[in-house]
Amino acid sequence: MDSMAPLPAATLRVSPSRGWIHASLGLSLIFLFLPWQGWGLWIRPDITALLLIYWGIFEPAEMGAGKAFLLGMLSDVAQSHVLGIHALTYSALFVLVQYYRPRILSFYRLNQMLHVLMLLLLTQWLEGLVNGVLGYAWPNWSWWVIQPLLGALGWPFLPRLLERAPRPAAPPQSP
Amino acid sequence: MSPLKSHPSDLFSRPSPLWLRSGIYGLLALTCILLDHHYHRLERVHQILRIWTLPLQELARVPLWTGRELGRHLTTLERLQAENDALRHQLLGQAALVQQATLLTRDLTRLHTLMQLGNSPRFTGQVHRLIGSARNPFVQKVLLEGGENQGLQAGSPVLTDQGLMGQITRVYPDESEVTLISNRDLTIPVEIERTGLRTLAMGTGHQGELSLPYVPSQTDVRVGDILLTSGIDGLYPRGLTVATLTSVTRHPSSAFVEITARVNAGTDTYPDVLVMAPNTAFQNLPTLDNQRHSPVHEPTHKKP
């Protein structure tokens, strides 16, 4: 699966260390623990899912299904919610990321962003459906759209934040 | 045709590790949801994962804490004095009420003894600080400083100065989880202050909103009526303010009135709350059928 896709974005980059990957995931959990309240809760983007996509695409050897599951469990505990909801959605996200990885890698950054938006939307909707099945109140319409939208908007900034050195083979921004 | 081409899969036959592993983890997650949501068997896992996330949680509190400490240092003398004066006035205003209440309690105890009714339960409480609300819009819960090590127990009612806020439903070593009364799982026996009508108030799952589903359509209820706990369940003491009715809709086709109420106790205004000791008399009641009853796992009450 890996070998046949053109890899313009990933061929010439310096891999970050495992510690840095873990630290970034930890930071995303800290972001979750910030004192969100009221409206903030409805629009808080899911940074953990975003990083899961990012590392799943650029460091597939470091991101396994087990790590996605564990992150989901920690996220559930952090949100004082039923254990397993995010574990389920992140496991599903992991499968989607691995499935679409070659395709996403073949795109420039803005087109990648659309794919990331789709992945985040699917994750969010799966979470909403599971909550609905478990009998929780139906969220208002903005919940289904705004969080993934804000998350996807953060995608173009991730390489600058997460990569050790600027990518030598960075593709030019599509006009 | 070469044999290779006729059975191409034989050469590399192996299960797809991606789908297999993810499927196993997906099933594991579904099992977790089932065990936690329906059977409440994952309390230990909750505790362990919570301890793992504790350092992250502490780190996330640093900016908030710094802000609060800075704010405390920068508070001016005038503001403190004004606040102090306001508090003293409030205290004076309440002093008469408190004295009256002491007298009333004494009279009531005497009457109870005369009528051989047994002592009315005394409720004590301790003040704790709120850490924050649950980080999920689906969940009506808040977190409290203080847990098992501070002697808190699941099943304790939690109040603010505005009224009943919720109930402790899960206790960690140094913090506890309070389920707000607007949570779908909670049902509170209430009475309407103006008429004394007893009924049930249920959480709707929306922030600060209750519904009263079992009020017959001929009943005298109005918007603005105040709900108090009726104390029938023995868990919440009688007479705590719960909510104010915000809408009363009568449908000609329905035998019940559609009523929604707004919870009086807000979670965002006051950092400190009162945790009352759980009523032990409630735990000595005979249980219905032979179910093991533990307040940790069942925030809902038996319907009276």
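Rule-based calculations on the coordinates, nothing more; no lab input. What you are looking at is a predicted structure, and each value in this text was computed from that prediction instead of being measured. For neighbour counting, all protein chains shown are included, and Cβ atoms are generated from backbone atoms with ideal geometry for every residue, glycine included.
Some points to look at:
- Inter-site label distance for A:S142 and B:T31 at 7 Å from Cα along Cβ, in nm: 4.0
- Listed peptides A:17-26, B:134-143, B:31-40 by packing density, highest first (mean Cβ within 10 Å): B:134-143, B:31-40, A:17-26
- For the range A:72-92, the residues whose backbone nitrogen is under 20 Å from a point 7 Å from the Cα of B:R68, taken along Cα to Cβ, are A:78-80.
- Virtual paramagnetic centre 7 Å along Cα→Cβ of A:S15, amide N under 17 Å, in the range A:36-77: A:54-65, A:67
- Across peptide B:54-63, the average count of Cβ atoms from other chains found within 10 Å of a residue's Cβ is 4.
- Cβ-derived FRET efficiency at R0 56 Å, A:N111 paired with B:E148, nearest 0.05: 0.60
- On full extension, the segment bounded by B:R238 and B:E58 gains 61.0 nm, given 0.36 nm per residue less the C-alpha separation.
- Averaged over A:43-56, number of beta-carbon atoms from partner chains that fall within 10 Å: 0
- B:N136 sits among other residues whose Cβ lies under 10 Å from its own Cβ, and their net charge, with Lys and Arg +1 and Asp and Glu -1, is +1.
- Here each label is just a point 7 Å from Cα along the line to Cβ, and for B:T76 and A:W125 those points are 5.5 nm apart.
- Considered as an equivalent ellipsoid built on the Cα gyration tensor, the range A:18-162 has semi-axes of 23, 17, 15 Å, the largest given first.
- Space enclosed by the convex hull of the alpha-carbon atoms of the range B:101-250, per residue, Å³: 135
- Put the Cα centre of the range B:182-211 next to the Cα centre of the range A:48-108 and the gap is 40 Å.
- Its alpha carbons give the range B:18-73 an Rg and a Dmax of 18.3, 57 Å.
- With a 10 Å cut-off around each Cβ of B:30-36, the average count of Cβ atoms from other chains is 6.
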